There are 4 protein chains.
Amino acid sequence: MVAAIVLNAAAIVLATVKSLSASYGGLFTAIGDTALVLFALDYAARIWAAPEDKATVARGPWSARLAYLLSPLGIIDLAALLPLCLEFFVRADSDWFRVLRLIAVLKITRHAPALQIFVAVIRSESRVLLSALLAMTVNWVLVSAIIFALEHKAQPDVFSSMPQAMWWAIVTMATVGYGDIVPVSAAGRVFGGIVMVLGIASVAVPAGILATGFSAELKKRRSMISWRLVAKLPLFAHLEAPRIAAIARLLKLDIVPPRYTIVLRGEPGDAMFFIVSGEVEVQIQPRPLRLGPGQYFGEIALLREVPRTATIVSVTECELLVLSAADFRQLLQEYPALKESIREVAERRVGQERPTSPAD
Amino acid sequence: MVAAIVLNAAAIVLATVKSLSASYGGLFTAIGDTALVLFALDYAARIWAAPEDKATVARGPWSARLAYLLSPLGIIDLAALLPLCLEFFVRADSDWFRVLRLIAVLKITRHAPALQIFVAVIRSESRVLLSALLAMTVNWVLVSAIIFALEHKAQPDVFSSMPQAMWWAIVTMATVGYGDIVPVSAAGRVFGGIVMVLGIASVAVPAGILATGFSAELKKRRSMISWRLVAKLPLFAHLEAPRIAAIARLLKLDIVPPRYTIVLRGEPGDAMFFIVSGEVEVQIQPRPLRLGPGQYFGEIALLREVPRTATIVSVTECELLVLSAADFRQLLQEYPALKESIREVAERRVGQERPTSPAD
Amino acid sequence: MVAAIVLNAAAIVLATVKSLSASYGGLFTAIGDTALVLFALDYAARIWAAPEDKATVARGPWSARLAYLLSPLGIIDLAALLPLCLEFFVRADSDWFRVLRLIAVLKITRHAPALQIFVAVIRSESRVLLSALLAMTVNWVLVSAIIFALEHKAQPDVFSSMPQAMWWAIVTMATVGYGDIVPVSAAGRVFGGIVMVLGIASVAVPAGILATGFSAELKKRRSMISWRLVAKLPLFAHLEAPRIAAIARLLKLDIVPPRYTIVLRGEPGDAMFFIVSGEVEVQIQPRPLRLGPGQYFGEIALLREVPRTATIVSVTECELLVLSAADFRQLLQEYPALKESIREVAERRVGQERPTSPAD
Amino acid sequence: MVAAIVLNAAAIVLATVKSLSASYGGLFTAIGDTALVLFALDYAARIWAAPEDKATVARGPWSARLAYLLSPLGIIDLAALLPLCLEFFVRADSDWFRVLRLIAVLKITRHAPALQIFVAVIRSESRVLLSALLAMTVNWVLVSAIIFALEHKAQPDVFSSMPQAMWWAIVTMATVGYGDIVPVSAAGRVFGGIVMVLGIASVAVPAGILATGFSAELKKRRSMISWRLVAKLPLFAHLEAPRIAAIARLLKLDIVPPRYTIVLRGEPGDAMFFIVSGEVEVQIQPRPLRLGPGQYFGEIALLREVPRTATIVSVTECELLVLSAADFRQLLQEYPALKESIREVAERRVGQERPTSPAD
């Protein structure tokens, strides 16, 4: 699908170059038509498959299909098909028809999940960003009026009307600076210099807002992740949200360098560890075991109150969430209901004689 | 009013285009005059209504009116009326008169409350921003002198005087780059390259300052919001500022994903919750109840020490402030005066048999 | 002095404009000469007065003078005098002589103390910034070689040598874009587009580094300020640094909105307050007393264990450092030596019957 | 080596300038050839010396050599030699051969260790940055199609094909703005203005992402540094990672101004100090002792429970990690194994009568 989207766009773009269009026109049309057919099949398949999506299955097959049709991605998928219908009514090589056919490139956003972070940041900072845009617009109108008053006499042909002055103002404030319209009078240039400093601000202000937004969003996502990490552990599953949050708060983040001995065989155990990032190696016989993000280790020593049963060494730099033995025991006392299930899990694990166990 | 401001600005701008001015000149004048009359009426109404504004009512009607007249928005409203008075003295289509008439666009800032955040950031960072501006100015003067020394010989017509060199320097340092004046000698270009890197710094430095400022301002506002949230709750109203702050500090922020069971009917209650953002659904009969930002739930179980009376599920991602049962009880012991009022509220709520209650 | 510096710079700049130079040449020379004499007097006065500076007095008058001579500001002050000496050797209106005379504008940095923050940020991030500069330089050389290979054939006159290609590359990477050299071949433009995205990165990377640097520097300065605030209080003066830091850590920052009742007459007191920013009004007879940043209030109720003796209301939004009664008492028990001096201060203050007292 | 790399690059660049090439062609060729030989020797030496590198010695000499050959720096070193081999097959002054010879400038990255921070930031934010790039690309294609539709009629020669429109779009969105292609129609300019605001966003978004990334990376590195500082102390060496992390967490960061008395001779000691940055002076006879980053002081008073034996004053602004006496004693009780080794160290130090001792 990604290939179809990219090839379709390339064909549409290259078809506008006369020399290429003459030689390969047929190929371009073929690619465009094939892509349209593929998009149509894809759209039909997605409508058909919508009820199989886990998140929407509870709502029944038709409401799930409707949900897809009305979702932003569903609307984009439909828009990508519009040229197919319109081809019978308008001339296929008109400029605006081409824009319509290129809307298909929006389909590619489906394959970039990190775009959600932008959407979240822009939504959460939308009020401030819109205010910045409004302030810029108000400045823009006043700046244009002033430069028009200053330069109209000196260059009656270039600064012939306010819209011309507004074109200069936006080109300058965005720091683009084509140079097609430039003030020449002394007063116009002094004012132009002030506008350029304003232009720097109009880049710096959204940069500042977005930096703050990304910082807040990522912090939120990370606290969410540690919350989810704890919520996923069999030990703590089925707890109420605030209890999970309380446990997540007991965990402390440690960063250890590569090749560091985190746990030493024979030492008394005083904490258990959840891996957030990086990899550790459990040095057991016959061959060492590697554990990665989401997995945990060191809990056997706490549950059985025995010395560490294996040495564990970091392979890469690791971020570890550490639960101290004291916190672990207090946790059991606070939630007596938890105690029983933990004992059960402990019994089972000790039976397996595994020093570590995957979280999932 | 917003429509009047926008139409007025559009009419003034388009009236400078000769072709449009010839055909629609009358219409543009009519719009401008109507807008001026509207602004005059608006101004009179605001003066009249000033004493009805809650914040200023205590000061008596005339001091309230004076406060409005001298406020920034009051001065802008007056400035927007100036053309009405000046029309009799100067030619209405002169360039500067147009600037005066466009001042009315500043009135639109009344409708963008988030602009306050900029004002706060710029005020709190003003010393650093002014220093950045000063440093840029000092650099600018020295850079201009050096490029003038380097290029004056090579291009005596283009770099004819220091002001010309200063125009080049500001256009380059602001990364606008019109291209109307460009160094051509080898030494001039080497130095020009260094100036461009300085130019990048002159964008990056204010961006960095503003990012820090926005981050600090938003943090301040958020702590203010949690403070105000607590101050608004009937339970904690009429407390001294530091007590409210102490309670605000006891609250811990949790983020739960959508469709998460926050409270389970029949479970023992160990915390109460205040909603900061998002929505939860209380699953009671006959139809579920939705609670939004500013409302709270889960307090009945703490007050009566009974199991949860209803299951509560998050509808969207929710930010919750959680007050643990232990903190809640300690709070009552610390402030005995609080205890009585809480008992009263508890009695009343239990009588109503409502598991949750709006905060306001 | 600031006026002399600015007038001197203006005279030098305007003297390069032929039309102005013809009419006002004498005036410009007079201003320049007067400024030079003033700078010389200023320099002599500063050398003379150096030993009166408190920070350096301990080192004896001559070492204090030497310290000034070798300080960055001392060197700038000397450099501003160089033209006076050189006038006898070189032609006074040569281009480089003008640069020398404009060095005097650097003297103005003495009057902008916030510039220290930049210096601190740039010094603390210098390793990362230099690495960014190095990476940019390496990119720049390779980019220039590639665009030269791509465009040399198409435009042998414009891209005539590597230095020309390097000029294009720096103009593009700094997003200045004069337009004097522009790629025209298809391959050149594709590569040019990639270079522009690199150019965005070369603006965004230093912006990111500086944002982080400012954030860290300001946090450091704020913790320093709260430390200094505590160190300045007579109550805690003469303590060891870590004790002051420990007390600074006990203080919690509260933000209260304007017109908020912080302390209510007759209520039991449970905290004392240090004002960081904003103003409060102590409502005592016959006329209310205003307290500003650095001052404190609410300590009498803690020392005498009596109810609040006056109502205190915030005038503006206030940032307050709050010391709880419990922390205050624990402090006294921990440091018995403190106890006696506090009792004394208490006795004296109660005798004065002042509910509040300035910190300094 | 750095000189060889820089001279080699300069020779290659200047050899493309016809006037210089005619006069100094032989010199440039000589420099280039010498540099190539030096690079070859350097490469051989590095292969030979690889097994002497501590980090790789455990793996045996040949696997260490292979590790170097396959490392990024090894590949760059090899690439810098390619011209030596190719010289026999292609014409030495061809444009692409020159690019190949300039690859040697990448060798200089070996000498900039702070580049690792970029690599770390870009890797950790790669998903978000790639999404930003994808969003920019999608916008770019649609923007080009729309501007082509708007301007094709007005300027059939300039906006002759979609690729031309795409060139305009990237030049504008990157805020470069050469001015070689500029919209002239009213609709084209209105849309151009919108694209410029998009362009500002395309600078601000990566700036925001990178600011967040640098902030997170530096925080991580700093926590790593305090961890390593503690891990390096003889007192705490040989502890498990989480114990070291626990100790690191007990330490509190204090910042003291220059010339501040941190410890006063004769006072009871209540904390020990580890220097993170800055310098302190121990005022002992006959001449004061200076301590710098990584060293510690004030532990004798804690170990022997005697008053401070020397006054210690900060020379510069210092960042100190403070371990309170209470935490220190609790540490000893928690880890009985530690107790013995501490007593031993204490005995030895008291015997030496040194008030402070370097950490390493």
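Okay, here's what the table says:
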{"read-out": "Residue match in segment B:8-16 (condition: modelled with pLDDT under 85 and either not in a helix (DSSP H, G or I) or not hydrophobic (A, V, I, L, M, F, W, C) (or both))", "value": "yes"}
{"read-out": "Conditions (1) open to solvent by less than 30 Å² (accessible area, probe 1.4 Å); (2) modelled with pLDDT of 75 or more; (3) in contact with a Leu (Cβ under 9 Å, 6 or more places away or on another chain); (4) within 11 Å of chain D (Cβ to nearest Cβ); number of the one not met by residue C:241", "value": "(2)"}
{"read-out": "Residue match in segment A:312-328 (condition: over 29 Å from residue D:120 (Cα atoms), within 12 Å of chain D (Cβ to nearest Cβ) and buried (at least 19 other Cβ atoms within 10 Å of the Cβ))", "value": "no"}
{"read-out": "Residue list for segment B:199-219, restricted to those being of a type in the set (S, T, N, Q) and touching a residue at least 12 places away in the same chain (Cβ under 8 Å)", "value": "B:202, B:212"}
{"read-out": "The one condition in (1) over 18 Å from residue C:132 (Cβ atoms); (2) within 12 Å of chain C (Cβ to nearest Cβ) that residue D:208 fails to fulfil", "value": "(1)"}
{"read-out": "Flag for residue A:287 being within 14 Å of chain D (Cβ to nearest Cβ), over 29 Å from residue D:124 (Cα atoms) and assigned to a loop (DSSP other than H, G, I, E, B)", "value": "no"}
{"read-out": "Of all residues making up segment C:267-284, the number that are under 17 Å from residue C:255 (Cα atoms) and assigned to a strand (DSSP E or B)", "value": "9"}
{"read-out": "Failed item, numbered, when residue A:171 is tested on (1) farther than 21 Å from residue C:178 by Cβ; (2) open to solvent by less than 30 Å² (accessible area, probe 1.4 Å)", "value": "(1)"}
{"read-out": "Exclusive hit being modelled with pLDDT of 85 or more, open to solvent by 60 Å² or more (accessible area, probe 1.4 Å) and over 21 Å from the mean Cα position of the chain (by Cα), set B:130, B:134, B:82, B:142", "value": "B:130"}
{"read-out": "Qualifying positions in segment D:126-164 - in contact (Cβ under 8 Å) with a residue 40 or more places away in the chain and polar (S, T, N, Q)", "value": "D:139"}
{"read-out": "Exclusive hit being at pLDDT 75 or above and closer than 18 Å to residue C:327 by Cβ, set C:297, C:236", "value": "C:297"}
{"read-out": "So residue C:200, is it part of a helix (DSSP H, G or I), at pLDDT below 85 and either in contact with a strand residue (DSSP E or B) (Cβ under 6 Å, 6 or more places away or on another chain) or more than 9 Å from chain D (Cβ to nearest Cβ) (or both)", "value": "no"}
{"read-out": "Flag if residue D:154 is more than 29 Å from the chain's Cα centre (by Cα) and open to solvent by 40 Å² or more (accessible area, probe 1.4 Å)", "value": "yes"}
{"read-out": "Residue count for segment A:1-26, restricted to those that are open to solvent by 30 Å² or more (accessible area, probe 1.4 Å), away from chain D (no Cβ under 13 Å) and under 17 Å from residue D:161 (Cβ atoms)", "value": "2"}
{"read-out": "Failed item, numbered, when residue A:195 is tested on (1) in contact (Cβ under 8 Å) with a residue 24 or more places away in the chain; (2) open to solvent by less than 40 Å² (accessible area, probe 1.4 Å); (3) over 28 Å from residue B:118 (Cα atoms)", "value": "(3)"}
{"read-out": "Complete set of residues in segment A:248-265 that are of a type outside the set (Ser, Thr, Tyr), assigned to a loop (DSSP other than H, G, I, E, B) and open to solvent by less than 50 Å² (accessible area, probe 1.4 Å)", "value": "A:251, A:257"}
{"read-out": "Residue in segment D:284-294 that is surrounded by 15 or more Cβ atoms within 10 Å (Cβ to Cβ), at positive phi, small (Gly, Ala, Ser) and in contact (Cβ under 8 Å) with a residue 12 or more places away in the chain present", "value": "yes"}
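The values are calculated or read from the model by the stated rules, or taken from the named source; none is laboratory data. A quick note: this is a predicted structure, and the numbers were derived from the prediction, not measured. So basically every Cβ, Gly included, is an ideal-geometry build from the backbone, and we count neighbours across all protein chains shown. Each accessible area value is taken on the protein alone, full model and side chains, heavy atoms only, with ligands, DNA and RNA left out. Shrake-Rupley method; radii C 1.70, N 1.55, O 1.52, S 1.80 Å.
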